[in-house]
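Trainee: Submitted below is the structure of interest, expressed as structure tokens.
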2 protein chains.
Amino acid sequence: MNSTGSISQENYLKAIFKLQNEHGIASNQAIAEKLAATPAAVTGMLRKLTELEWVEHTAYQGAVLTPKGKQIATSTIRKHRLWEVFLVEKLQFKWDAVHQWAEELEHIGDADFTERLDAFLGCPATDPHGDPIPDANGDWAGNERVILADVLACNQEFTVRGVSNSASDFLRHLDALNIQLGKQFSVVEHFPFDGSWEWKDESGVNVRVSREVASQLLVELNRPQMSSKSQ
Amino acid sequence: MNSTGSISQENYLKAIFKLQNEHGIASNQAIAEKLAATPAAVTGMLRKLTELEWVEHTAYQGAVLTPKGKQIATSTIRKHRLWEVFLVEKLQFKWDAVHQWAEELEHIGDADFTERLDAFLGCPATDPHGDPIPDANGDWAGNERVILADVLACNQEFTVRGVSNSASDFLRHLDALNIQLGKQFSVVEHFPFDGSWEWKDESGVNVRVSREVASQLLVELNRPQMSSKSQ
DNA sequence: ATAATTTTTTAATCTTGCCTAAACAATAGC
DNA sequence: GCTATTGTTTAGGCAAGATTAAAAAATTAT
């Protein structure tokens, strides 16, 4: 039940998994782009992964994971995200610096190792970017409670729960704006002209947020609270 | 000052470092044996490491590390041993199970990463097998305070400080004998016939230790204590 | 000192994973 | 329905690291 691939193979499975979730199938070109490789390299690797029965690949169509391939992919993602938690919470890395190391650490260890790491970290539900950590069976919990920032109405209160972009420069920008996961804001105003926002945090401090930033935040709408005057 | 090699290169440097400490020079064959490779593979890699100026290699003689090569080797050993501490103390692995994983983890991270890990672990002086952890400059502290078991005289008290063999079966055998690092014993009797020993631990429990086991233990002799009658 | 043995090196090949360039499908435009 | 474009696959190669088998050097033995 628990075999494992080479580093390169695991990276392909991860990429295919994510593309499959977005588009139903992983095109050769999309895989190549995600892995910074050429489409020709992808064709070669897909042949190998097909032989291993970790993907089903139809020539000129695209690739889809088999159950076995999906198991390896989710296990790799699980390890990646657990290591990110370790790096931030235990080694005090900033959240924009953990991806590169987790990218290497995710290929180490077996199921026992992973469960020990998970237990040591207190079985975290999400990584430092708010992405859910799949459980040991590869199942995802609570992936659906986060929604895009666009739907926010005036005065709406919400909590920042995740980012849909983990690039260092974006994360450092959030740091500069003093926006952290779990922090609660309310909408002051929305400016349709450029799509930017003005928000207020819980201590009454206002932040201006560009459309580019807001559109990459995953938020959870707070249960509408009775305002002091309407009560 | 802080460059780094490929995984394979780092493993060669580690092997050469250890052989050099034992024999002054690392022969082609000894390296091959340590890395479970063929001598031909070693010749090829030594050529590369010589180009990189990490080793000095004289044909048909052997290899010696340059300062740069030594720095990479000790840094790799430092990381290996820090990770072993992590695996035992934080993830609750048994001490006979950590080597394989540390062997992979040791190739990950830069100097900053390593120092964060070190700080998180409380700057341990030794790994779970009692081997000293070199500091960030590659210097070794207290390597000399451990000596071989052969010199023990009757009634001598001593503390087990390390093992000169970290093979799983040996370590599990020590577990079965209830011998742990830091534990104190006194010599009851030595049997020259087969070189075996009888020892007594602090709670008065006797252990029989074969020559094979005793010769792989590194111990520290306790300051001779006045026995109750001789005082 | 010469022969026998051991160790090291060379030479040719393999595997994994990648690349470029060219050929081949599939889709889109008209 | 035929051409133009886009995406995919083949073909040939390269680099790292390893292998086996044979040649060369060094060491040991007589």
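The values are calculated or read from the model by the stated rules, or taken from the named source; none is laboratory data. The model shown is predicted, which means the values in this text are computed figures rather than measured ones. Cβ sites come from the backbone with ideal geometry, for glycine too, and all protein chains shown count toward neighbours. In case anyone asks, the SASA skips ligands and DNA or RNA and just uses the protein heavy atoms, side chains included. Shrake-Rupley method; radii C 1.70, N 1.55, O 1.52, S 1.80 Å.
Trainee: Taking the range B:58-78 as the search range and keeping residues that are within 16 Å of DNA strand D (Cβ to nearest atom), of a type outside the set (Gly, Ala, Ser) and touching a residue at least 12 places away in the same chain (Cβ under 8 Å), which one is surrounded by the fewest Cβ atoms within 10 Å (Cβ to Cβ)?
Mentor: Result: B:61.
Trainee: Among (1) touching a Ser or Thr at 6+ places or on another chain (Cβ under 6 Å); (2) in a loop (DSSP other than H, G, I, E, B), there is one condition residue B:57 misses while meeting the rest; what is its number?
Mentor: Residue B:57 satisfies every listed condition except (2).
Trainee: Tell me yes or no: at least one residue of the range B:35-43 is in a loop (DSSP other than H, G, I, E, B), of a type in the set (Gly, Ala, Ser) and within 14 Å of chain A (Cβ to nearest Cβ).
Mentor: Looking for residues that are in a loop (DSSP other than H, G, I, E, B), of a type in the set (Gly, Ala, Ser) and within 14 Å of chain A (Cβ to nearest Cβ), one finds none in the range B:35-43, hence no.
Trainee: Within the range B:9-28, work out how many residues are exposed (fewer than 14 other Cβ atoms within 10 Å of the Cβ) and either within 15 Å of residue B:76 (Cβ to Cβ) or modelled with pLDDT of 95 or more (or both).
Mentor: Number of matching residues: 1.
Trainee: Sticking with this one: Output the residues belonging to the range B:104-119 that are among the acidic types (Asp, Glu) and more than 8 Å from chain A (Cβ to nearest Cβ).
Mentor: Listed by number, the residues that qualify are B:106, B:110, B:112, B:115, B:118.
Trainee: In the range A:187-200, which residues are of a type outside the set (Phe, Trp, Tyr) and open to solvent by less than 20 Å² (accessible area, probe 1.4 Å)?
Mentor: Answer for the range A:187-200, where residues must be of a type outside the set (Phe, Trp, Tyr) and open to solvent by less than 20 Å² (accessible area, probe 1.4 Å): A:187, A:195, A:196.
Trainee: Return yes or no: is residue A:34 out of contact with any Lys or Arg (no Cβ under 7 Å at 6 or more places or on another chain), closer than 30 Å to residue A:182 by Cα and within 13 Å of DNA strand D (Cβ to nearest atom)?
Mentor: For residue A:34, the condition - out of contact with any Lys or Arg (no Cβ under 7 Å at 6 or more places or on another chain), closer than 30 Å to residue A:182 by Cα and within 13 Å of DNA strand D (Cβ to nearest atom) - is met.
Trainee: Based on this model, can you work out whether residue A:36 counts as aliphatic (A, V, I, L, M), open to solvent by 60 Å² or more (accessible area, probe 1.4 Å) and free of Cβ contacts under 8 Å to residues at least 24 places away in the same chain?
Mentor: So residue A:36 passes the test.
Trainee: Then there's this: Do any residues in the range B:39-50 that are open to solvent by less than 50 Å² (accessible area, probe 1.4 Å) have Cβ atoms under 6 Å from those of residues that are near DNA strand D (Cβ under 8 Å from one of its atoms), where the two are at least six apart or on different chains, and which pairs are they?
Mentor: Pairs that qualify, where the first residue is open to solvent by less than 50 Å² (accessible area, probe 1.4 Å) and the partner is near DNA strand D (Cβ under 8 Å from one of its atoms), are B:42/B:32; B:45/B:12.
Trainee: Which of the residues that make up the range B:108-137 are in a loop (DSSP other than H, G, I, E, B), touching a helix residue (DSSP H, G or I) at 6+ places or on another chain (Cβ under 7 Å) and open to solvent by 30 Å² or more (accessible area, probe 1.4 Å)?
Mentor: If the condition is that a residue be in a loop (DSSP other than H, G, I, E, B), touching a helix residue (DSSP H, G or I) at 6+ places or on another chain (Cβ under 7 Å) and open to solvent by 30 Å² or more (accessible area, probe 1.4 Å), then B:131, B:136 are the ones that fit.
Trainee: So which residues in the range A:86-103 are at the interface with another protein chain (Cβ under 9 Å from one of its Cβ atoms) and either of a type in the set (S, T, N, Q) or open to solvent by 50 Å² or more (accessible area, probe 1.4 Å) (or both), if there are any at all?
Mentor: A:90, A:92
Trainee: A further question follows. Out of everything in the range A:53-85 that is among the small types (Gly, Ala, Ser) and touching a helix residue (DSSP H, G or I) at 6+ places or on another chain (Cβ under 6 Å), what residue ends up being farthest from the other protein chains (Cβ to nearest Cβ)?
Mentor: Result: A:63.
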